Protein chains: 2
Amino acid sequence: MNDDFSVWRDRPVVVTGGAGFIGSNLARRLAELGAQVTVIDRMLAGYGANMFNLALPANPISLLESDIGAENAISDAVTGAHTIFNFAGQTSHMDSMQQPLEDMALNQIANLRFIELVRRVNPGARLVFSSTRQFYGPPQYLPVDEKHPLNPPDINGIHKLAAEQYHMLYARVYGMRVTALRLTNVYGPRMRIRDAKQTFLGIWVRHVIENSAFEVWGGTQRRDFSYVEDLVEAALRTAMADATIGHVYNIGGHPSLTLDELAELLVQVGGSGSFIRKEFPAERKKIDIGDYYCDDSAFRAAANWQPRFDMAEGLRRTLAYYRANKHFYL
Amino acid sequence: MNDDFSVWRDRPVVVTGGAGFIGSNLARRLAELGAQVTVIDRMLAGYGANMFNLALPANPISLLESDIGAENAISDAVTGAHTIFNFAGQTSHMDSMQQPLEDMALNQIANLRFIELVRRVNPGARLVFSSTRQFYGPPQYLPVDEKHPLNPPDINGIHKLAAEQYHMLYARVYGMRVTALRLTNVYGPRMRIRDAKQTFLGIWVRHVIENSAFEVWGGTQRRDFSYVEDLVEAALRTAMADATIGHVYNIGGHPSLTLDELAELLVQVGGSGSFIRKEFPAERKKIDIGDYYCDDSAFRAAANWQPRFDMAEGLRRTLAYYRANKHFYL
């Protein structure tokens with residue numbers, strides 16, 4: 001097991017979606033480690049991309065403003081990469097039901113074009129794909145492991161599953177060096193907090209730093225959470241562990257909390273804000289999945305990873321970041 | 001359980017892919033039963049559509065030459081339908097690997113546009129979708145039931161799975177009256193026999209009626225088979241059985257045979273032709289699934305169906321059809 005992060009020094013690395021929440025944290029960490037980082041991001045308004053996410057990195061980061069499906073625009077960067085973190089994509093459950101074809105273009109077609117490009121120009125690259133626990137649908141048992149049946153609860157889930165399947169198919173058929181990570185609720189600095197489009201925790205954080213009241217829908221649902229710094233380390237360790245090639249893994253982190261417990265913890269850690277409980281809106285309930293938490297023991301063993309931040313510490317760091325930088329996110 | 005096929009008399013019915021193999025058999029049977037049948041078919045060269053498939057029906061069949069994703073062209077027909085059999089689609093394993101975006105357009109995007117249209121203009125229609133066993137991938141156990149993990153072995157399988165998931169999602173979220181049938185190897189009159197693009201049995205049949213030698217790749221793989229007349233009855237019974245709404249079912253038929261056994265039976269029934277065994281081509285082996293046969297007991301119970309034709313009789317009828325009509329299929 002390679003624990004030596006100095007391998008990243010001078011390594012050419014591509015991070016797609018690298019101006020977004022998780023991608024930017026990953027790109028910055030890679031820059032800190034001395035990697036030659038190229039971010040590919042559409043910078044589309046209304047999603048997670050934010051120029052401030054890439055402000056003042058430890059070392060220079062190149063930004064290529066492009067869709068990941070635009071082969072000509074990104075071919076050179078992809079050709080030269082040692083490692084590719086394909087972290088582009090949107091998670092928009094309600095939007096996807098209202099605009100299913102747009103969701104397909106963003107989350108599926110772009111990924112097919114991208115993996116085809118990698119196959120053609122750089123089939124030996126190490127490729128880590130950010131997938132999602134979302135397409136397990138309502139859990140049939142808990143904790144959910146990777147053998148759990150797949151039952152996408154919305155259009156977005158169908159397209160994300162297809163995107164993951166492309167990646168794993170290309171690993172199998174073409175011998176490409178791919179690992180897919182099924183993420184759960186990731187939170188932390190650089191997430192979108194203007195609204196709940198990226199994660200419900202974003203809008204909660206906004207209310208806490210603005211000392212106002214946020215809504216908790218339902219409240220008894222259990223969820224598990226990954227603090228973004230832990231997740232970035234998981235992504236790096238994935239790329240460093242050849243044992244993970246060809247596999248799909250759940251990644252969790254902190255043990256599950258009910259949304260009520262999380263809301264209480266957030267208000268307590270923040271020392272401001274409050275919350276009110278609301279019934280689940282009917283439209284939303286149709287595609288909600290109930291309780292979810294994962295079994296990520298396979299990943300922990302294969303990648304030699306464990307989370308370092310507990311929930312209170314993760315929330316504390318998150319709130320501190322937004323108290324200092326909120327104007328860039330509102 | 002409704003066994004009275006007179007319900008189809010004067011009923012407006014749409015069959016997509018209705019100039020193709022299975023769709024045309026279904027459309028003709030519906031016309032025989034007195035239904036007002038509209039076929040929607042792109043009539044694309046190189047796939048299953050064949051004008052002769054719709055020649056001289058028992059009662060008139062309307063043909064709407066259109067992609068199922070072309071909303072304006074097909075909206076009126078869809079609006080007025082009591083029952084819709086969505087049987088359009090291609091099965092082209094190798095093509096899909098070489099032209100993945102084209103496969104997506106044909107097998108997934110068109111279906112998303114179609115189900116969206118049905119939702120908007122005729123959400124109460126009875127809808128039967130022809131899905132496939134293909135995305136189970138290499139069986140992890142036999143016989144394969146509907147709980148078997150989903151593991152598409154090729155691009156075509158990824159897109160067909162997404163198309164099925166759209167249908168079942170719309171059943172769940174919008175209360176649409178959908179059933180999906182996962183078909184296995186279907187054979188019989190009106191299949192493509194010019195080449196092996198639609199089914200390997202097609203090209204075998206061609207060689208037998210031309211008294212030449214066909215190739216059996218591998219030979220020890222077990223597969224199960226549905227004779228098309230049995231499958232048409234299964235589709236009708238599905239639409240007639242409300243208990244099947246919201247469900248996905250395997251459909252098999254005749255117990256499994258190895259490809260060697262099938263080749264021998266075909267040559268014996270045909271009284272002509274011969275076969276030679278070949279090693280599996282390497283490109284093809286990468287996406288082959290090994291043995292497959294399904295457990296379709298859930299469907300048999302829910303739809304009150306069982307196959308009526310054994311394999312020898314199905315092959316006999318198939319050969320008789322192509323001996324009489326081969327010029328329309330070569």
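Are there GluC sites (Glu not before Pro) in the stretch B:231-330 that DSSP puts in a loop and that have at most 16 other Cβ atoms within 10 Å, and which ones?
Loop-located and lightly packed - B:Glu279.
For the stretch A:298-330 and the stretch B:271-330, what is the separation of their Cα centres, given in Å?
About 56 Å separates the Cα centre of the stretch A:298-330 from the one of the stretch B:271-330.
Give a residue-ordered list of calculated ³J(HN,Hα) values for the stretch A:227-244 (Karplus: 6.51 cos²θ - 1.76 cosθ + 1.60, θ = phi - 60°; whole Hz; x for Gly, Pro).
So the Karplus estimates, Gly and Pro as x, are 6, 4, 5, 5, 5, 4, 5, 4, 5, 4, 5, 4, 5, 7, 10, 4, 4, 8 Hz.
Taking a ≥ b ≥ c as the square roots of the Cα gyration tensor eigenvalues, with a/c under 1.5 meaning rounded and otherwise prolate when a/b beats b/c, else oblate, which class fits the stretch A:124-179?
The shape class here is prolate.
Taking a quarter of the surface of the convex hull around the Cα atoms of chain A, what do you get in nm²?
So the Cα hull casts an average projection of 14.9 nm².
Stick to the Cα atoms of the stretch A:1-131, pair each with every other, and give me the Kirkwood hydrodynamic radius in Å at one decimal.
Answer for the stretch A:1-131: a Kirkwood hydrodynamic radius of 14.9 Å.
What are the label-to-label distances in nm, one decimal and shortest first, from A:Ala45 to the same spot in the other copies, with labels 7 Å along Cα to Cβ?
Copy-to-copy label distances at A:Ala45, shortest first: 4.7 nm.
Under the classification rounded if a/c is under 1.5, otherwise prolate if a/b is larger than b/c and oblate if not, where does the stretch B:33-75 fall, given a ≥ b ≥ c as square roots of the Cα gyration tensor eigenvalues?
Oblate is the answer for the stretch B:33-75, as a/c is 1.5 or above yet b/c matches or exceeds a/b.
Which value, in Å² rounded to 10, gives the accessible area of A:Leu265 with a 1.4 Å probe and all protein chains present?
40 Å²
Taking only Cα atoms and a 10 Å spring cutoff, compute GNM fluctuations for chain B and point out the largest among B:Ala235, B:Ala171, B:Ala73.
The residue with the greatest mean-square fluctuation here is B:Ala73.
Inside 10 Å of the C-beta atoms of B:146-157, what's the mean count of C-beta atoms belonging to other chains?
Counting Cβ atoms of other protein chains within 10 Å of each residue's Cβ and averaging gives 3.
Can you tell me the 0 to 90 degree angle between the C-alpha axis of helix A:21-32 and the longest principal axis of chain A, rounded to 10?
Value to nearest ten degrees: 50.
Roughly how many Å² of B:Met94 are accessible to a 1.4 Å probe, to the nearest 10?
About 50 Å², rounded to the nearest 10.
Could you sort A:Ile22, A:Ile115 by their accessible area in this structure, using a 1.4 Å probe and putting the largest first?
Numbers: A:Ile22 30, A:Ile115 0 Å².
Ranked from most to least accessible, the order is A:Ile22, A:Ile115.
If each DSSP helix of 4+ residues adds -39,500 (n - 2.57) and the sum is divided by the residues in chain B, what number results at 222 nm, nearest 500 deg cm²/dmol?
-11500 deg cm²/dmol, from helical runs alone.
Only Lys, Arg, Asp and Glu count, each charged at its Cβ (+1, +1, -1, -1), so figure out the dipole size of chain A about its Cα centre, rounded to 20 debye.
260 debye
Checking the a/c ratio against 1.5 first, then a/b against b/c, what shape does the Cα gyration tensor give for the stretch A:218-330?
On the way: a/c = 2.24, a/b = 1.40, b/c = 1.60.
Taking the square roots of the gyration eigenvalues as a ≥ b ≥ c, the stretch A:218-330 is oblate.
Placing one identical point scatterer on every Cα of the protein assembly as shown and ignoring solvent, what is log10 I(q)/I(0) from the Debye formula at q = 0.10, 0.11 Å⁻¹?
Listed by q, the Debye log ratios stand at -0.94, -1.09.
Between copies, how far apart are the B:Asp145 label points? List them in nm, one decimal, shortest first, with each point 7 Å from Cα toward Cβ, please?
2.0
How long is the gain from B:Thr79 to B:Arg120 if the chain were fully straight, where each residue apart is worth 0.36 nm and the alpha carbon distance is subtracted?
Once the chain is fully extended between B:Thr79 and B:Arg120, it gains 13.9 nm.
From the cross-link list B:Lys197/B:Lys278; B:Lys197/B:Lys286; A:Lys286/B:Lys160; A:Lys160/A:Lys197, which pairs have alpha carbons spaced over 21 Å apart?
Among B:Lys197/B:Lys278; B:Lys197/B:Lys286; A:Lys286/B:Lys160; A:Lys160/A:Lys197, the Cα-Cα distance tops 21 Å for A:Lys286/B:Lys160.
Take every Cα pair under 8 Å in the stretch A:8-328 that's 6+ residues apart, average their separations, divide by the length, and report that relative contact order as a whole percent.
17 percent
Return the average number of partner chain Cβ atoms within 10 angstrom of each residue Cβ along peptide A:167-177. Walk me through the numbers before you get to the answer.
Values: counts 0, 3, 11, 3, 0, 6, 7, 2, 1, 0, 0.
Partner Cβ neighbours, averaged per residue: 3.
Output ³J(HN,Hα) for the stretch A:66-73: one whole-Hz value per residue in order, computed from phi by the Karplus curve 6.51 cos²θ - 1.76 cosθ + 1.60 with θ = phi - 60°, and x for Gly and Pro.
7, 5, 6, x, 8, 4, 4, 5
Measure off 7 Å from each Cα along the Cα-to-Cβ vector at A:Val173 and A:Arg323, then give the distance between these two points in nanometres to one decimal.
So the label points at A:Val173 and A:Arg323 sit 5.3 nm apart.
The stretch B:1-53 to the stretch B:130-155: how many Å between their Cα centroids?
So the two Cα centres are separated by 27 Å.
Placing a label point 7 Å from Cα toward Cβ, how far apart in nm is B:Thr258 from its equivalents in the other copies, listed shortest first to one decimal?
Copy-to-copy label distances at B:Thr258, shortest first: 6.0 nm.
At a probe radius of 1.4 Å, what is the per-residue accessible area of A:Lys160, in Å² to the nearest 10?
The accessible area of A:Lys160 comes to roughly 30 Å².
The values are calculated or read from the model by the stated rules, or taken from the named source; none is laboratory data. Please read all numbers here as calculations on a predicted model, not as lab measurements. Note that we place each Cβ from the backbone using ideal geometry, even for glycine, and neighbour counts take in every protein chain shown. We work out accessible area using only protein heavy atoms, side chains counted, and drop any ligands, DNA or RNA first. Shrake-Rupley method; radii C 1.70, N 1.55, O 1.52, S 1.80 Å.
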